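Everything on this sheet refers to the single structure shown next.
The values are calculated or read from the model by the stated rules, or taken from the named source; none is laboratory data. The model shown is predicted, which means the values in this text are computed figures rather than measured ones. Heads up, the Cβs are rebuilt from the backbone with ideal geometry, glycines too, and the neighbour counts pull from every protein chain shown.
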Amino acid sequence: MPTLSRRQALFAGATMPFASTLLTRPALAQETMQGSGFAPWNRFKLGSFEVTTLLAGTRAGDKPQETFGTNATPEEFAALSAANFIPADRIQSFFTPTVVNTGAEIILFDTGLAAEGTLAALAAAGMTPDMVDVVVLTHMHGDHIGGLMGADGVTPTFPNARYVTGAVEHNYWAGAANEGFDKNVKPLNDKIGFLDDGGSVTSGITGMNAFGHSPGHMVYQVESDGQRLMIIADTANHFVWSLQKPDWEVRFDADKPAAAATRRAVFGQIAADRIPFVGYHMPFPGVGFVEAAGDGFRFVPASYQLMLNG
């Protein structure tokens, strides 16, 4: 029979009372379930920049084909959904503003449905609204401009910020009857700077036309120390239905043929350059890659690649 060394004996003796306690522990009452969840922020380095995605809100919905793939047959929609292990009759939507800290400025891309959700995520990420130097609006849909004003509807959420948006987008909504624009954007007009295609928000951040989802929708390329990232906003609103089938129409796209052409152009570039992107409605944390696949693209969620940036 093998003998124990003194160290093994001490270890065994130290653990035996604990083991006996586990064996004799009385049964406890059923524990209360806490519900699913995760931290509402995710952060990584991009060169000398720091990028944080914020979960400003998430919600479940029914009948997704009333929004996505409206020109596909129900059979096609169901088959693609099943092939990707997602239901064809339910959807979980995400709303993900992005913060880029350049070291000189903190830049927030889009503001969520309302200030409350965005500020909660911002606080969880260790930031306060007064720290935001620039707010970039990719386009003027309500889930992107809803957080510009506080709960009173008149006080700007980000008191120290200047604002940047596409000239085409702003001019369109300024001439339209839109309550959200009038309430949230118009009061800030004297603080807004306007971009055209290729315009710079600041050094390393460039706007690019990506029209279709809205009349002047823009995406933004972020580059630091040779590393690049694309903030694609609503170029694609679903990681399967809008990427694998870029020609499938989306109810919220203002110009559906233009939106489809933009998806092919933007994701074709991202795939060719093998760079990461942030999608406003991608599954949180909203960060991933794409590869060309068949007649569309395959979404590859980021795993640990960006953690290796330091």
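In this structure, Val135 does not satisfy being surrounded by fewer than 24 Cβ atoms within 10 Å (Cβ to Cβ) and either among the charged types (D, E, K, R) or modelled with pLDDT of 95 or more (or both). Pick out the one residue from His238, His170 that is modelled with pLDDT of 95 or more and either assigned to a strand (DSSP E or B) or within 18 Å of the chain's Cα centre (by Cα) (or both). Matching residue, one of His238, His170: His238. Taking strands (runs of 3 or more DSSP E) as the structural unit, those lying wholly within region 244-310 and holding at least 2 residues that are surrounded by 17 or more Cβ atoms within 10 Å (Cβ to Cβ) and either touching a Leu at 6+ places or on another chain (Cβ under 6 Å) or at pLDDT below 95 (or both) correspond to 296-301. Ala176 meets the conditions (1) modelled with pLDDT under 95; (2) crowded, with 16+ Cβ neighbours inside 10 Å in every case but one. The failed one is (2). Pairing residues of region 258-275 that are without any contact (Cβ under 8 Å) to a residue 40 or more places away in the chain with residues that are aliphatic (A, V, I, L, M) and surrounded by fewer than 20 Cβ atoms within 10 Å (Cβ to Cβ), at Cβ distances under 7 Å and at least 6 apart in sequence or on separate chains, gives Ala271/Ala292. Taking the criterion of being assigned to a loop (DSSP other than H, G, I, E, B) and under 15 Å from the mean Cα position of the chain (by Cα), the residues of region 115-140 that qualify are Ala125, Thr138, His139.
Is it the case, given these coordinates, that Arg274 is charged (D, E, K, R), within 20 Å of the chain's Cα centre (by Cα) and on the phi > 0 side of the Ramachandran plot?
yes
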